[in-house]
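What follows is a set of notes on a single structure, which appears directly below.
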Amino acid sequence: MKRQTRHGYKRYILFICVLLSLFACAVGPDFTAPTQNNVTLNHNPDLFKIEQQPDTYWWKAFNNQEINQLVETYGTNNFSVGIANKTLEASQYALQAGKGVFYPQVTLNTSTAKQNYFLAPIGNLSNQSIYTISTLTATVSYALDLFGMNRRINEGLTAQVATDEALKKGVQLTLIGHMINTALTIAAYQDELKLIDENKNILISIHSLYQQQFDSGLISYDAVNTAQLQINRLNSTRNLLETNLHYAKHLLNALCSLPPDKKTTIHFSIHDISLPPTLPLSISSVWMKQRPDIEAALAQLHLASANVGVARAAQFPNITLSASMGRANTSYSQLLSSNNPIWGISTNLSQSLLSGGTLAANHQRAITLFEQSALNYQQTVINAFKEVSDVMSAINEDRVELNNQTQLLLLQKNSVNLIQANYYSGRVNGIQYLSTLSNVKQTEIDWLNAKVNSLQNTTLWYLALGSTNYPAY
């Protein structure tokens, strides 16, 4: 009867512990994402369309096959993307490992020990007994998460996975943006070098005409010298452009993670790239959720909230249930066949009574870091609004400047046609005609710079919105 009562008591204790674990609470704050009101940015409704959604692969908005191929071939081939991907994988494995605490832990132990046991009081060596004992036991243990420490730890691990996902997205988004804008820079440099060479040939012809007039005594040497200075300035500009072109090619190689012996070449011209006639503009609550920096800041805020719960739960008791069963024998070879079973059931409760204020200080530190993360999140949101507004303003200014340069170039080309007709009719001399051609070349360079600025800021616009579609890694 006593044995049955004892077993009934143990079952009752076990039932109470399981019941407590099922209805246990997780101390600390339950995370709630901050709410943000929708903000409508001042925009040009003819250019920015709120109802318009970004293309599935936004870089295809430029309608250039070479850019598409560049992104799809090397968009995931950068080592930084690989590092970010491995960091994410490590976080996912850490989360997977952290979930193991919610399951019973089973361990198998075997040991062999030689022991010295005295049958008589110390000093009577005649009764000394030395023997060897071998044991084989299986132990099952389970930590009761009564106050939610393990749940908060796993909540933090989940938030870390979300952080690394956002960081990987940010790395890849930035990489693709840099690749496109670097390719545009290379194309612009190559186009400008061609225009400079054409303009240089014109200036050389002007210099030759001035030299002939000087040799004939018709003009002073000042005109010849001025023409030579223009050629020299153009040569200096060309040398600087060639240097910058080499730097841009080196950068594109690095972005594509290519070794020095392999080169990426850009064959397209800026004239081949189409500017999207309209650009998408989501409401703020939509694009804020897409931006990697805001996603990462929100995940870090969630992680800080979970850490508050972990620090608070550390101030409460930890309870672990364990049970073991096995066999013991003085002969290891007869261990499995022996009739000497051993078993045990235990409950372990640990509670810090005095810690010198460490636990309380850790809790306050976690709260402070949570408040810091909240401020960081708000600042990240403000910076995002600033970036979107800045790029929007730049795009508006770029489109106006490009339109002005287009109109100016058209007027100058019309002027060239008139001067050319007058030149053939003898109304203007060759120097006037060539000077007009040189001015047109400079205007073409100005138009080229306006076009590439508009294209690059268009790329930055998609980055500012946090466009989320990438080639598969």
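Nothing in this text is a laboratory measurement; each read-out follows from the coordinates by a stated rule. For clarity, every value in this text was computed on a predicted model and none was experimentally measured. Counting neighbours? That spans all protein chains shown, and the Cβs are built from the backbone with ideal geometry, glycine included.
When only alpha carbons are used to place a centre, segment 29-108 and segment 255-316 end up 6 Å from one another. Highest average first, the peptides 34-47, 355-368, 190-203, 294-307 ordered by how many other beta carbon atoms sit within 10 Å of their residues are 294-307, 190-203, 355-368, 34-47.
Suppose a student asked you for the relative contact order of segment 280-346, using Cα pairs under 8 Å spaced at least 6 residues apart; what percent would you report? Don't jump to the answer; show the numbers that get you there.
Details: 35 pairs, mean separation 15.3, N = 67.
Relative contact order of segment 280-346: 23 percent.
Maximal additional length on extending the D272-N44 stretch stands at 79.5 nm, based on 0.36 nm per residue less the C-alpha distance.
Please compute the length gained on full extension between Y131 and I342, using 0.36 nm multiplied by the number of residues separating them and subtracting their Cα-Cα distance. Each step should come with its number before you reach the end.
On the way: separation 211, 0.36 × 211 = 75.96 nm, distance 1.82 nm.
That works out to 74.1 nm of additional length.
The dipole here belongs to the chain: it is taken about the Cα centre, uses +1 on the Cβ of Lys and Arg and -1 on the Cβ of Asp and Glu, and is about 2680 debye. Each Cα pair under 8 Å and six or more residues apart adds its sequence gap; the mean of these over the residue count of the chain is a relative contact order of 26 percent.
Give the shape of the chain as rounded, prolate or oblate, defined through the alpha-carbon gyration tensor: a ≥ b ≥ c are the square roots of its eigenvalues, a/c under 1.5 means rounded, and otherwise the shape is prolate if a/b is larger than b/c and oblate if not.
On the way: a/c = 4.36, a/b = 2.93, b/c = 1.49.
Verdict is prolate for the chain.
Relative to the longest principal axis of the Cα atoms of the chain, the long axis of helix 149-215 lies at roughly 20 degrees. Between the residues V416, G357, N339, the greatest Cα displacement towards the positive end of the dipole of segment 326-449, with unit charges on the Cβ of Lys, Arg, Asp and Glu, is found for N339. Estimated at 0.36 nm per residue, the fully extended path between A328 and A33 surpasses their Cα-Cα distance by 100.6 nm. Label separation (I83 vs I204): 4.7 nm, computed from points 7 Å beyond Cα along the C-beta direction.
With each label modelled as a point 7 angstrom along the Cα→C-beta vector, the A97-T406 pair spans 5.8 nm. Where only DSSP H runs of four or more residues are counted, the chain gives -22000 deg cm²/dmol as its mean residue ellipticity at 222 nm, each run worth -39500 (n - 2.57). Look at the Cα gyration tensor of segment 276-318: its axes a ≥ b ≥ c give a/c of at least 1.5 with a/b over b/c, and that counts as prolate.
For the chain, what proportion of DSSP beta bridges, expressed in % and rounded to the nearest 5, is antiparallel? Don't jump to the answer; show the numbers that get you there.
On the way: 35 of 37 bridges.
Here the antiparallel bridges make up roughly 95 percent for the chain.
Helix 79-98 against the longest principal axis of the chain: what's the angle in degrees, Cα atoms only, rounded to the nearest 10? So the inclination is approximately 20 degrees.
Among rounded, prolate and oblate, which fits segment 127-170 when a ≥ b ≥ c are the square roots of the eigenvalues of its C-alpha gyration tensor, a/c under 1.5 means rounded, and a/b larger than b/c means prolate?
Working: a/c = 5.72, a/b = 3.04, b/c = 1.88.
Verdict is prolate for segment 127-170.
Against the longest principal axis of the chain, how steep is helix 358-424, in degrees 0 to 90 to the nearest 10, with axes from Cα atoms? So the helix axis and the longest Cα principal axis differ by about 20 degrees. Annotation: the residues D222, D293, sorted from fewest to most other C-beta atoms within 10 Å of their own C-beta, follow the order D222, D293.
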